[in-house]
Every structure is written in structure tokens, then in C-alpha cells.
1. Take every Cα-Cα pair in the range 208-343 and report what % of them are more than 27 Å apart.
2. Kindly put GLU354, GLU65 in sequence by how many other C-beta atoms sit within 10 Å of each C-beta, fewest to most.
3. If you count, for each residue, the other Cβ atoms within 10 Å and average over each peptide, how do 45-53, 379-387 line up from highest to lowest?
4. How far apart, in nm, are two points set 7 Å out from the Cα along the Cα-to-Cβ line at GLN251 and at ARG324?
5. Can you tell me the FRET efficiency between GLU187 and SER146 if r is taken as the Cβ-Cβ distance and R0 is 35 Å, rounded to the nearest 0.05?
6. With N set to the number of residues, divide the alpha-carbon radius of gyration of the chain by 2.2 N^0.38 Å and report two decimals.
7. If we count other beta carbons within 10 Å of each Cβ, what is the order of LEU361, LEU243, LEU16, fewest first?
8. Below 8 Å, C-alpha to C-alpha, sequence gap of six or more: please give me the relative contact order for the chain in percent.
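Nothing in this text is a laboratory measurement; each read-out follows from the coordinates by a stated rule. Remember, it's a predicted structure, so these values are computed and weren't measured experimentally. Backbone-built Cβ (ideal geometry, glycine too); neighbour counts: all protein chains shown.
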Amino acid sequence: MTHIDCLIIGAGAAGLMCAAHAAARGARILVIDHARAPGEKIRISGGGRCNFTNLQAGPDNYLSENPHFAKSALARYTQWDFLDLIGRHGIAWHEKTLGQLFCDGKATQVVDMLLAEMRRTGADLRLGISAGAIDHGDGVFRVSLSSGEILHSTTLVLATGGKSIPKMGATDFALRIARQFGHRITETRPALVPFTLNGPALAGLKPLAGLSTPVRATTAATSFDEAMLITHRGLSGPAMLQLSSYWREGQEIAINLLPGQQAQSALRDLKTTAGRKSVSNALTALLPARLAAHVAARAGLTCNMADLGARDLDHLASTLTDWRLTPAGTEGYRTAEVMLGGISTEGLEARTMESRHIPGLYAIGEAVDVTGWLGGYNFQWAWSSGWAAGTAI
Ligand code: FDA
């Protein structure tokens, strides 16, 4: 039987961050993970370059039953604090788009940086180990490990993330343990995930698979102006991934193929300049050719641009700007970047991430009901919540 100050279960973004800061305060920290390597989601993130934060990160970029909960941690450990850490480790980075910051080199630099911080502060890491039964009494957590040991720890941090990508070892462990200790779990669902289509909607779009175009995508009064990618299963790309966090089964999504443009006046100009060109051909001035042909066919306009009357132009404008589709579903946890929902924030202290039910129990990162937009926001939550717990333990 070993006694330590703090056991952190999960060596992902939040757990590693928490460990380095808790150990810096002199606590004996052990991080365990059932995976063979730490920070696997960091390694594969951002196409291998890790979109590690966002310059615009703030509470408005997160979904939660309590939209105020994330404010404290995000304000106390900001994107600038993380940039400072990245800078101290000499990691070169660049802004891609919309405030999204990526490593110039490999994402593993971020994992190596967190491991270096843990070594510097003296936190221990054991891989290939999972936790089994956990009980709590007399101010101590007793944790059975797969190695057969029983560990005694004064504090316990749940940092096992969400349920997305089970093939990578994602589990609902944090949710189960939190529930065991009296915490409510909000509804969980895959988010930042591609939509699937079926029937005629899918058949109609199949010839366009692989095409990417800027759109304004809207559902449930929420819109995103980003790229849409048509896939052989349905709709993906940043605009659709963002929308998936707000969409619910049976809801329509509306797609504007001319975001930021006045469709009516763009089409009137086209009518004057395109002359005898077919509608499909003329629309290539505004859209990729395959999409232009699809829009003209959907509008049922086989004539020349110059022959369109005012009502035809109105009809074409709405075909372009108010394309309605009802997804059959999403690709689910198999490809979702994150899990929406999780351990309810009502049972946690926003400043420290400590349980309000069990002193010494903490929950951080994606396991908590705080889910960021696409674009570095989820890692920023992992850093901020990990820091909040790490500096409180
Ligand atoms: P995380 O999932 O990182 O870590 C949890 C750890 O717990 C894992 O190491 C796991 O092995 C371990 N674990 C799970 N169950 C366990 C158990 N029962 N026992 C022991 N260990 C257990 N975000 C972003 O901001 N920018 C980006 O570029 C990307 N890109 C991206 C790409 C892809 C493909 C995915 C799937 C996700 C992203 N994300 C992202 C989201 C981001 O990766 C995610 O939100 C954070 O990694 C969450 O950090 P956590 O530490 O909470 O969980």
C-alpha cells in the first residue's frame, strides 16, 4: 500500500497540466493512464500540429448547462499564459485562421513540454495502468489499480476526458466515478462531428464528395461562417463540425452558399455580365463548378442567365442562400472530436474544480460539462481547468 498526496487519473491535456502545477506546490503527485503513451489526443490533434489554443478564447466559445462556470478558470489561466509556457519551451507557432494557434512543428512538442514540466516539478507518471474500484473514507481515497496495488491518496483528480474515439482508449470512467460520488451527469453526445445524410439528399450530393466551399451554416438560431466539406457520407468541414454541437435529431440545417454577399445584387450583376451563358456556367463565377451545376439543377433553371426574370432571380437567390437539409444523424463517437456534456458543473467549485460533495475530489478537462468550439478552445479548457485544480491541490 502506497500513500500519496494526489492521484490524477488520465495523462491527457488536462491531467498533465494539473500534475505539473500541483507538484510545483510540493505535493507528491502520481498520474496514471491505461494508454501506453501520454497525451495521445494532443499528438493527433490539429492534423499533427496541435491547435493548442485560440487568441479569442473566452466563455462565449463554450457550451455548458451553466455558461458562467468556465469564466473563472479561463480568466485565471488564459491563452496568453499558455503562449508564455510555449514560448519558454521554445516551441514555434503560427496563427492559421480565426485566432487558431498551431505548432510550426509536430504536436508531440506540446506533449514533451508538459512531460518536461512534470519532470521539473517532480510529478510521477505510470502508463499502462488503469484504476478499478475507488472508495473514500476518513479523508482518504483507496484506489485499486490493475497492477494489483491499492493506492491511498488524499486527493483524486478525474482527468480521463470524454467518450470520443473509443479506439484510442476513450472511456466514460470519469462520469461513472463522479456518479458514484453523488455527482449528476448531464446528457452526453458526440460533438464536433460530421453529419450523415441518407436517401435522396445523400444520393444528390454524392457526385460532389470532396468539394469544400465557404458557407454560413445555421441551426437552432446559431450560425457559423466557415468551410463546408461534402463527404461521401454527408457534410463535414469546420462549419458543420461547429453546428453539430448545437444540432439535435430531426432538426433542419440551413446553408448559405454566399456568406457575406448580397445574393440578389450578385445575381443581377451576373445577369448583366454572363450574357448567353447557362445558369450553371454563369454561377461558376460565384461557386466551384460542380456545386454551380448542382444549384442550377436544384433550382430547375436550365435556361441562360440573361433570360432570367425577376422571380427566377429571387428563386435562384433563395436556392443559393437558404438550402435546407435534415441530417439523418452524425458519425457518432467514432469520429467526434469531443463529447458534449459530462459531469454537471453544479457539483463543482468553478475556481478550483473541486467537488462540492466530496472534499479532495476534483474533475477537469473534457469530462466536465464544458465543451468548446472547434479551433483550440477545447485544449484551452483543458489547460485552464487543469491549472485551476493543480494550483488548488
Ligand atoms: P484527454 O482525452 O486528452 O485525456 C484523457 C486521458 O485519460 C487519455 O490519455 C486516456 O487514455 C485516459 N483514460 C481514459 N479512460 C481511462 C481509464 N479508465 N483509466 C486510465 N486512463 C484513462 N482540441 C483542440 O482544442 N484543438 C485541436 O486541434 C483538437 N484536435 C482534436 C483532434 C481529434 C482527432 C480529437 C479526437 C480531439 C481533438 N481536440 C482538439 C479535442 C481535445 O483533444 C480534447 O478536448 C482534449 O484532449 C481533452 O483533454 P482531457 O485531458 O480532458 O482528455
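1. I get 26 percent for the Cα pairs in the range 208-343 exceeding 27 Å.
2. Ranked by crowding around the Cβ, least crowded first: GLU65, GLU354.
3. Ranking, from highest mean packing down: 379-387, 45-53.
4. Placing both labels 7 Å along Cα→Cβ, they lie 1.6 nm apart.
5. 0.70
6. Working it through for the chain, the quotient is 1.15.
7. Least crowded to most crowded, the residues run LEU361, LEU243, LEU16.
8. Answer for the chain is 25 percent.
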